[in-house]
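The structure under discussion appears below in the form of structure tokens.
Just so you know, all these numbers are worked out from the coordinates, no wet-lab data involved. Everything numeric in this text was worked out from a predicted model, so none of it was measured. In this analysis, Cβ positions are derived from the backbone assuming ideal geometry, glycine residues included, and neighbour counts consider all displayed protein chains.
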């Protein structure tokens, strides 16, 4: 019996190796302007996905 | 660190450090909860007592489930240790001095008189003022000069009400387009407007040039018109809604957000979201008011459970409408689990005062739009550059590990430590935390991940 379904996610530990290009959007720049978060941002580095 | 929760019939377990998300059955959920505190034998005994024989579950199933949890731990997808702390300042150090986004306050003036405005009706506690083309042009040059090798540059036309200085906005866009090729940059413009001055010409230009438009609408007419009134006290709803509808229809699928604010007067903001949907809008953002806690519109402790419940109902509404073929987007529930930000971004904080700054009509630089008007936060100006390095250093040092309160929080890699301005206004320090905001954020993340998990499960099925 399969008790656990693991979703496809970006491995954050692995992203330490190929991340950090800095091209992504500034956190507060789009709709919110008052309550920052970064979870809903996109990575601009295509090969990382 | 892990975080586990139950929502909308799903058991969800997050492995905070690796970013892994697991959807689990009740047996696995309970095993994971006990995994680091009890021995295998103790856990199996407890699980057998609770589950053996129920719904056909056998002792072998339970043992197998325990083994699956162990495997996930071994493969770095559960109970992963946080080793990111030493990397916390790295991205900012690497990109020190590089600015990639400006919020241009082209108008410190507004044609609406909303008492809940964090910017004191657009004046930011100062005098009414419009940015000249020369200041704006210098701001764009300043951005290009300080953007290093960054290709994508973001510029938000903000206010007050930016359409009150529309000619300057258009000239600045034309100037940016003129220089971007030669400078090897790509300007992405955003316009944030209350809609009062939208006409066909604005619609045509904004839809051609703005990557994103943010349209302020609070939802129900009575909610919107409670605050969003003109200087004669008349509500703006009936004047702006048709303009917004026309703009969005003409936009042809390009990015936009209807951006509402909810306050103590409408913690039941789901009704406002529904109103936006009824008006035909599908890209929605609804934000808690930012104001003095003594203000009558400030959200209270009593509002909190109502707001949290609204977030859950909103997630359920999203799933329902998607199933009906009528999907919509809620800004805070957009989460790309497989293609989201890398760890450097997640621990670096929001970038205010370092990669992002706000520019006043006279060209002064502030760490972000929410600090404008607080003199001690002025970092310099677009003519002479950043001069207040001491203040900038506070923002440079701002990251998720600089906030003690964030250390044990499961949501830290989703919020990156939160909003420096909210933290400052709540605690007097940019490295404090605005706890009320944290409660809202955590609920939003639980909902966002649940919605994403549902979507992924459906796709897989």
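Brief remarks follow.
- Span from the the stretch B:191-254 Cα centroid across to the the stretch B:376-408 one, whole angstrom: 34 Å
- Value of relative contact order over chain B, rounded to a whole percent, pairs C-alpha under 8 Å and six or more apart: 15 percent
- In the protein assembly as shown, helices alone account for a calculated mean residue ellipticity at 222 nm of -11500 deg cm²/dmol, with every DSSP H run of four or more residues adding -39,500 (n - 2.57).
- Value of Rg to Rh for the stretch B:146-198 (Rh from inverse mean 1/r over Cα pairs, i.e. Kirkwood): 1.04
- Coarse-grained scattering of the stretch B:285-420 at q = 0.14, 0.20, 0.22 Å⁻¹, given as base-10 log I(q)/I(0) from a Debye sum over alpha-carbon atoms: -0.91, -1.25, -1.28
- Under the criterion of Cα pairs below 8 Å and six or more residues apart, the relative contact order for the stretch B:396-461 equals 24 percent.
- Rounded to the nearest whole angstrom, the semi-axes of the ellipsoid equivalent to the stretch B:206-353, taken from the Cα gyration tensor as √(5λ), stand at 24, 22, 18, largest first.
- Its alpha carbons give the stretch B:276-345 an Rg and a Dmax of 15.5, 43 Å.
- Over all directions, the projected convex hull of the C-alpha atoms in the stretch B:94-163 averages 5.8 nm² in area.
- For the stretch B:128-281, the alpha-carbon coordinates run over 49, 34, 30 Å along the three principal axes, in decreasing order.
- Note: relative contact order over the stretch B:168-304, using C-alpha pairs below 8 Å and six or more positions apart, is 21 percent.
- Share of pairwise Cα-Cα distances greater than 16 Å in the stretch B:71-130 is 69 percent (whole percent).
- Antiparallel DSSP beta bridges within the protein assembly as shown, as percent of all bridges there, nearest 5: 40 percent
- Equivalent-ellipsoid semi-axes for the stretch B:340-430 (Cα gyration tensor, √(5λ), whole Å, largest first): 25, 14, 11.
- Eigen-decomposition of the gyration tensor built on the alpha-carbon atoms of the stretch B:402-461 gives equivalent ellipsoid semi-axes of 29, 10, 8 angstrom, largest listed first.
- Cα-based radius of gyration of the stretch B:20-158 once divided by 2.2 N^0.38 Å, which approximates compact folds: 1.98
- Here the stretch B:227-271 is treated as a sphere whose radius is the Kirkwood value from Cα pairs; by Stokes-Einstein at 25 °C and 0.890 mPa s it diffuses with a coefficient of 193 µm²/s.
- Between helix B:133-145 and chain B there is an angle of about 40 degrees, using the helix long axis and the longest principal axis of the Cα atoms.
- With one equal scatterer per alpha carbon and no solvent term, the Debye-computed log10 I(q)/I(0) for the stretch B:1-65 at 0.17, 0.25 1/Å reads -0.62, -1.11.
- Distance between the stretch B:410-461 and the stretch B:141-179 - C-alpha centres, whole angstrom: 30 Å
- The stretch B:116-208: translational diffusion in µm²/s, Stokes-Einstein, Kirkwood Rh over Cα pairs, 25 °C, 0.890 mPa s: 171 µm²/s
- Computed over the alpha-carbon atoms, chain B gives an Rg to Rh ratio of 1.00, Rh here being the Kirkwood radius from the mean inverse distance.
- Here, P(r) means the percent of Cα pairs in each 20 Å bin from 0 to the largest distance; for the protein assembly as shown it is 22, 55, 20, 3.
- Counting, for every residue in B:343-353, the Cβ atoms of other protein chains within 10 Å of its Cβ and taking the mean gives 6.
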